[in-house]
1. Testing Arg286 on (1) more than 30 Å from Ser199 (Cα to Cα); (2) among the charged types (D, E, K, R); (3) assigned to a loop (DSSP other than H, G, I, E, B), one condition comes back false. Which one is that?
2. Given the conditions (1) small (Gly, Ala, Ser); (2) farther than 21 Å from Thr400 by Cα; (3) in contact with a Gly (Cβ under 8 Å, 6 or more places away or on another chain), report the number of the one that Gly224 does not fulfil.
3. Looking at region 9-63 only, could you name the residues that are on the phi > 0 side of the Ramachandran plot and either at pLDDT below 95 or under 19 Å from the mean Cα position of the chain (by Cα) (or both)?
4. Within region 369-408, count every residue that is among the small types (Gly, Ala, Ser), part of a helix (DSSP H, G or I) and within 17 Å of Asp293 (Cα to Cα).
5. Among the listed residues Asp79, Asp20, which satisfies the condition of being assigned to a loop (DSSP other than H, G, I, E, B), among the acidic types (Asp, Glu) and in contact (Cβ under 8 Å) with a residue 12 or more places away in the chain?
6. Scan region 48-60 for residues that are touching a residue at least 40 places away in the same chain (Cβ under 8 Å) and crowded, with 19+ Cβ neighbours inside 10 Å and report the count.
7. Are any residues in region 174-186 surrounded by fewer than 19 Cβ atoms within 10 Å (Cβ to Cβ), at pLDDT 90 or above and not acidic (Asp, Glu), and if so, which ones?
8. Among the residues of region 233-257, count how many are part of a loop (DSSP other than H, G, I, E, B), farther than 16 Å from Asp208 by Cβ and out of contact with any helix residue (DSSP H, G or I) (no Cβ under 8 Å at 6 or more places or on another chain).
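The values are calculated or read from the model by the stated rules, or taken from the named source; none is laboratory data. All values derive from a computational prediction rather than experimental measurement. Don't worry about glycine lacking a Cβ; one is built from the backbone with ideal geometry, like all the others, and counts go over all protein chains shown.
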Amino acid sequence: MLAAMAEGDTRIENFAASNDCASTLECLRRLGVEIRREGSIVHVRGVGKTGFRFPEAPLDCGNSGTTMRLLAGVLAGQDFVSVLTGDESLSRRPMGRISDPLTRMGANIVATDGRAPLEVQGRHPLGAIDYTLPVASAQIKSCVLLAGLNSNGRTSVIEPVPTRDHTERMLKWFGVDVDRKDGGEGSTVSVNGASTLQSGGNLTVPADISAAAFFMVAATCLRGSMIEMHNVGLNPTRTAIIDVLTQKCGASMTLFDLAETNNEPVGTISVTGKLDKQRSNEVRGRVVANLIDEIPILAVLGTQLELGLEIRDAAELRVKESDRISAVVENLKRMGAKVEEFDDGLHVRRSELKGASVDSFGDHRIAMAFAVAGLLAHQGETEIAGAECVDVSFPGFFETLQHAVVYE
């Protein structure tokens, strides 16, 4: 999206083959952006901040909440009306949380009970605002910042709890005037509406640590295992999973070949099969915002710990691609685990997992988490209904897992 808003061409390497990323490219094409794809390399010819063209048909975001929420911020500052749609799962997710700030800025967002499809009646320029996030969400923050690029002043987002900062880092790479101030009451990120995005040049996307987390947990739990994953993004707003595994669970993990690529820290993660099952494990509070995508696989890990694992302050999981709290609890119970469900989380006790038929609930992270649970089961085969949903974020996940698991 930033490459599309830039003045010039951008070449992106290691672009994901996932359905979510494909949805973003197709939406941008329908908005008049010239995009050429060669395998994992994508070339984008930028149209500038206001060079998008009126789409003749609704823009289908598929299953991607990131596409819908961030693109709404871009479209809010255009002088035309556009419609954003998505699949059944995306159409259930709350979009009022972006409609509110975009409306304050002068756009008009029409939705049904705060959900997609979204009709975005854009306006240029938008009014700059100071906006405090009602929930910890990098998607909402990014939506407002992207809208702020087409505002008549400086737009600021105040986040009481720090969230992922990929957008701010990449905005700086594209030459945008971004200011961040950290204080006792949280952080404030601001962009100047007068900024122009320059060509991104050659970009390389780091490997996704949220995808790596499934293999990190599998290797940690399987004694005698060893795995190395290269060029993994080690952005400090994303590495809470490493802290939890090493500090709370006693995992054996080494980081090396540390470097920085396009303002993003990267490195190699090496994990060996070691787990201190006696650690006291509880995950709650501010750290949860930076662990939200890893909660399902951490719940699976909890079955291997003598003291179990309690996860709280994670109510946001209720409004992901599925109700991930309910989905994890149901599937763990099917596999024989002892687990208690709360409004904002769950408590998993030490359990011997057994193979069972489980349901992905159409959620890629649930499917991948329970593939690992199947590996950890003491007996029986695990069958995952709707497993094809992994293509949303990780096409080839099962093939990668199969190649990673070598028995001697």
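1. Failed condition: (3).
2. Condition not satisfied by Gly224: (2).
3. Our first condition is that a residue be on the phi > 0 side of the Ramachandran plot; within region 9-63, this holds for 14, 32, 39, 48, 62.
Matches in region 9-63: Asn14, Gly39, Gly62.
4. Keep residues of region 369-408 that are among the small types (Gly, Ala, Ser), which gives 369, 371, 373-374, 377, 380, 385-387, 393, 396, 404.
Adding the requirement that they be part of a helix (DSSP H, G or I) leaves 369, 371, 373-374, 387, 404.
From what's left, within 17 Å of Asp293 (Cα to Cα): 369, 371, 373.
Count: 3.
5. Working: Asp20 fails: assigned to a loop (DSSP other than H, G, I, E, B).
Every option except Asp79 fails the conditions.
6. Residues meeting the conditions: 2.
7. Quick first cut of region 174-186, residues surrounded by fewer than 19 Cβ atoms within 10 Å (Cβ to Cβ) only: 175, 177, 179-186.
Next, only the ones that are at pLDDT 90 or above stay: 175, 177, 179-181.
Result: Gly175, Arg180, Lys181.
8. First, pick out the residues of region 233-257 that are part of a loop (DSSP other than H, G, I, E, B): 234-239, 249-251.
Next, from what is left, pick out any that are farther than 16 Å from Asp208 by Cβ: 249-251.
Pick out the ones that are also out of contact with any helix residue (DSSP H, G or I) (no Cβ under 8 Å at 6 or more places or on another chain) and you get 250.
Going through region 233-257 one residue at a time, the tally reaches 1.
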